[in-house]
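Undergrad: My questions will all concern the structure given below.
The values are calculated or read from the model by the stated rules, or taken from the named source; none is laboratory data. Everything numeric here is computed off the predicted structure, so don't read it as measured data. Virtual Cβ from ideal backbone geometry, glycine too; neighbours counted across all protein chains shown.
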Amino acid sequence: RAYALIKELMNQSLESDLETTLRFEGELQDIAINTADHREGVSAFLEKRHPHYQGN
């Protein structure tokens, strides 16, 4: 999912001004930070283990 969000942001940034791109980036970060994979990444870091991402 993260790669799809990055690709979407990159494509959008080619057609928009900086302010619009930064606003869109913030919206995508809100999406990414609320995923199970994000929670898994943070948990794995705190527990000093490798993350087990599920793609969601």
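Undergrad: Exactly one of (1) part of a loop (DSSP other than H, G, I, E, B); (2) modelled with pLDDT under 95 is unmet by LEU9. Its number?
TA: With respect to (1) part of a loop (DSSP other than H, G, I, E, B); (2) modelled with pLDDT under 95, LEU9 is out only on (1).
Undergrad: Is there any pair with a first residue in the range 7-24 that is among the aliphatic types (A, V, I, L, M) and a second that is assigned to a helix (DSSP H, G or I) and surrounded by 10 or more Cβ atoms within 10 Å (Cβ to Cβ) whose Cβ atoms are under 6 Å apart and which are 6 or more apart or on different chains, and what are they?
TA: These pairs meet every condition: LEU9/GLU25; LEU9/LEU28.
Undergrad: Do you know which residues across the range 27-54 are loosely packed, with under 10 Cβ neighbours inside 10 Å and at pLDDT 95 or above?
TA: Within the range 27-54, LEU46, GLU47, LYS48, ARG49, HIS50 meet the criteria.
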